[in-house]
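To start, the structure itself, in structure tokens.
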There are 2 protein chains.
Amino acid sequence: MRKIGIPEIEDIATGAALLGAGGGGDPYVGKLVAIGAVQECGPVTLLDPDEVPDDALVIPIAMMGAPTVLAEKAIGGTEYQKLYDMVSTFFGQKIYAFMPIEAGGVNSMLPIAAAARLGLPLVDVDGMGRAFPELQMVTFTIGGMKATPMALTDEKGNSCIFETITNKWTEELARAVTMSCGASVSVSLYPMSGKQMKEYGVRGIVTRSEKLGRAIRTVKDSGTRTPEEHFLEFAEGIRLFKGKISDVLRETRGGFNFGKVVLDGIGEYKGRNAYVEFQNENLTATVDGKILATTPDLICLVDTETFIPVTTDALKYGKRVMVVGLKCFHLWRTEAGLELVGPRYFGIDTDYIPLEERCKGGN
Amino acid sequence: MRKIGIPEIEDIATGAALLGAGGGGDPYVGKLVAIGAVQECGPVTLLDPDEVPDDALVIPIAMMGAPTVLAEKAIGGTEYQKLYDMVSTFFGQKIYAFMPIEAGGVNSMLPIAAAARLGLPLVDVDGMGRAFPELQMVTFTIGGMKATPMALTDEKGNSCIFETITNKWTEELARAVTMSCGASVSVSLYPMSGKQMKEYGVRGIVTRSEKLGRAIRTVKDSGTRTPEEHFLEFAEGIRLFKGKISDVLRETRGGFNFGKVVLDGIGEYKGRNAYVEFQNENLTATVDGKILATTPDLICLVDTETFIPVTTDALKYGKRVMVVGLKCFHLWRTEAGLELVGPRYFGIDTDYIPLEERCKGGN
């Protein structure tokens, strides 16, 4: 158990944006919401999963929708109480703690805001260890858990509770309502017991985000190594490419941000080229026509000087970025995991091969 | 209080299809569902509104979606129990009776099936006195009542409960989920007290449907008058046109059936022409370029020989039909009523003028 205040939030936002793998929304927007709540209501208690009783009710809090919309559409302050009331009434049980469902600039921050505003603790766990675009894409689905009852509310006061026969149906129905509400809403899904949370959750994700964020903030204090070496070491990342953005193709469709960013090599990559395709999150990294990494491994773009993560909504012509691959959570590499979030699910015609194997022999 | 069995259902289905004003779905499909339920579970008790206590909880049962889909997608038997449970749990109160929300081939029948299967009475009342395409288009909206909590379930077992800030928002969100569920779902909305039901409901609609249906069935027993005179008299209808269908234009869009039927005059209308435009229900009747009737008055097409109503999904080239206008329920002619269902709401650039005034001086 420890407290999370404004300095911690700053670092968590940066680190979570890196783990967002291009998605998860703008960490600046997310940070403002969390800091605002902590300034008004005080710091938040972060619990280790093992500090939560097995029979406690724990609920994730998140935004659903297109990250580009999040930056323009307000996040109110009353949604969390509404979600609490809906889920708590459904179960006839008090909610013990909130948790994030994914790591990302926005969805790592909103549960902190919710915890601050309602005076509840936050658990150091999530259901992805990164960000993914669809709601059934969580470790809890692999564990056979249901996304429903799922509570959804918009900033105007419209709300609904879903109960569905599969988590893919939850995604279908909630996505339709999200679109009708203006492509961005607040949700609580996968309500779970402390026991389930401990069994299938990605433990320590908030702390990992914070450490990554702190390391990025202090990346220049790298002693004898270059900042880049330092960054790759603490992030446990594999460098895939370095380049200048020469084109960005985008499309907002069905509540998602689809697109592709094209890179011209710089430095030791001069004369070579690469592109990264995304659906909210980065899905593939292709260098000189060869795929070097695919979902579910994390493909992250960071600024070549500051190592600050660059989310897909912040891609701009001329920006210099390094493409880095990070290993995904082990459950994603199982057959059940790859069925949910492997390349073929996203319509990419390649088998999943772990990042570190694809990159064997250099790149 | 009286019992409704199979003979009554046959007549109600025919009469309700007439009041459906082209919409409300195929009475044959609706009838099969109601008769099946009554054969299995016995006849249904029909209550006069005044027989319902003021504090009783009464809920309408209906299908939401495109009528053309209803004919192809199964209606299960478990949806009514599910809707009952959802609404009853929400209020923590038992449900006293079911009621229809609109008159129409399908939505007059499903509440009968629900009442039979759950052993609950049906109230002789609805919220339109006809059919309309959108869910906020009920007399209860004029009375300031909310459509929510609205329960929705599909035949697969997916469900949700909506709470919205306006009835137009209920329509938006429920329509989005309906589309995702395959354009046809079972719903309960406008849960109300006996008092509200008596104050704003269209009383006696089931009995009126039954009488109309019986009169159509026995239209040939017309004594000294022609069957057509007899039909127009008991339906209190104004004849607008008689013709052969020469074209039908259709489009299924956003969960609605849009279209237009073109007629070449026959008999005393020979050499003249007319068309009727619809969005699920008929919206306007135009004869020789002059509008003779618009929503919210009822524009009904019936077979020229049998006077059986022809719904918009049953329109076919070559069919001979009479176009008949019926006065709508008085509340629809108020300012609040016309704002909800007047011609301009449907994008038709004309003021509402009552049917009987438009037709003054003959047609």
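Every number here is computed from the coordinates shown, using simple stated rules; none is lab data. The structure presented is a predicted model; accordingly, all values stated were derived computationally and were not measured. Please note: Cβ atoms are built from the backbone with ideal geometry, for glycine as well, and neighbour counts cover all protein chains shown.
Things to note:
- Along principal axes, Cα extents of chain A, largest first, whole Å: 62, 43, 36
- Convex hull of alpha carbon positions in the stretch A:3-47: directionally averaged projected area 3.1 nm².
- DSSP beta bridges fully contained in chain B are about 90 percent antiparallel.
- Karplus 3J(HN,Hα) series, Hz, for the stretch A:126-140 with 6.51 cos²θ - 1.76 cosθ + 1.60 (x for Gly, Pro): 8, x, 9, x, 6, 10, 9, x, 10, 6, 7, 7, 10, 4, 5
- Segment residue A:262-residue A:39, extension gain: residue separation times 0.36 nm, minus the distance between their alpha carbons: 76.2 nm
- Over 28 Å apart at the Cα level, from the set B:198/B:260; B:270/B:316; A:198/A:242; A:168/A:327; B:3/B:94; B:168/B:211, are B:198/B:260; A:198/A:242; B:168/B:211.
- Long-range amide H partners of residue B:308 with built H, under 5 Å: B:303
- With distances taken between every two different alpha-carbon atoms, the stretch A:224-358 has a Kirkwood hydrodynamic radius of 15.2 Å.
- For the protein assembly as shown, average projected area of the Cα convex hull in nm²: 35.8
- Since only A:274, A:1, A:323 are under comparison, the one whose Cα sits farthest along the positive direction of the charge dipole of the protein assembly as shown, derived from C-beta charges on Lys, Arg, Asp and Glu, is A:274.
- Calculated mean residue ellipticity at 222 nm for chain B: -9000 deg cm²/dmol, from DSSP H runs with n ≥ 4 weighted as -39500 (n - 2.57), summed, divided by the residue count and rounded to 500.
- Selection from A:332, A:310, A:359, by position along the positive dipole direction of the stretch A:243-363 (Cβ): A:310
- Separation of the residue A:90 and residue A:272 label points, Cα + 7 Å toward Cβ, nm: 4.8
- Residue B:290 label point (Cα plus 7 Å toward Cβ) to equivalent points in the other copies: 8.2 nm, shortest first.
- The charge dipole of the protein assembly as shown, taken about its Cα centre with unit charges on the Cβ of Lys, Arg, Asp and Glu (plus for the first two, minus for the last two), comes to roughly 820 debye.
- Each Lys or Arg adds one and each Asp or Glu subtracts one; over the other residues with Cβ under 13 Å from the Cβ of residue A:53, this totals -2.
- Amide H contacts under 5 Å for residue B:125, placed H, 5+ residues apart: B:204, B:205, B:206
- Considering only the Cα atoms of the stretch A:2-206, their convex hull presents on average a projected area of 9.5 nm².
- Expressed to the nearest 5 percent, the antiparallel share of DSSP beta bridges inside the stretch A:1-145 is 35 percent.
- Simple spin-label estimate for residue B:156 and residue B:251 in nanometres, 7 Å along Cα-Cβ: 2.8
- Each copy carries a label point for residue B:345 at 7 Å from Cα toward Cβ; from one copy, the others' points are 4.3 nm away, ordered from shortest.
- Remark on residue B:283: its backbone amide H falls under 5 Å from those of B:277, B:278, a criterion applied only to residues 5 or more positions apart or on other chains, H modelled at 1.01 Å from N.
- Modelled this way, with points 7 Å down the Cα-to-C-beta line, the labels at residue B:118 and residue B:291 are 4.0 nm from one another.
- Contact order, relative form, for chain B: 21 percent (alpha carbon pairs under 8 Å, 6 or more residues apart, mean separation divided by residue count).
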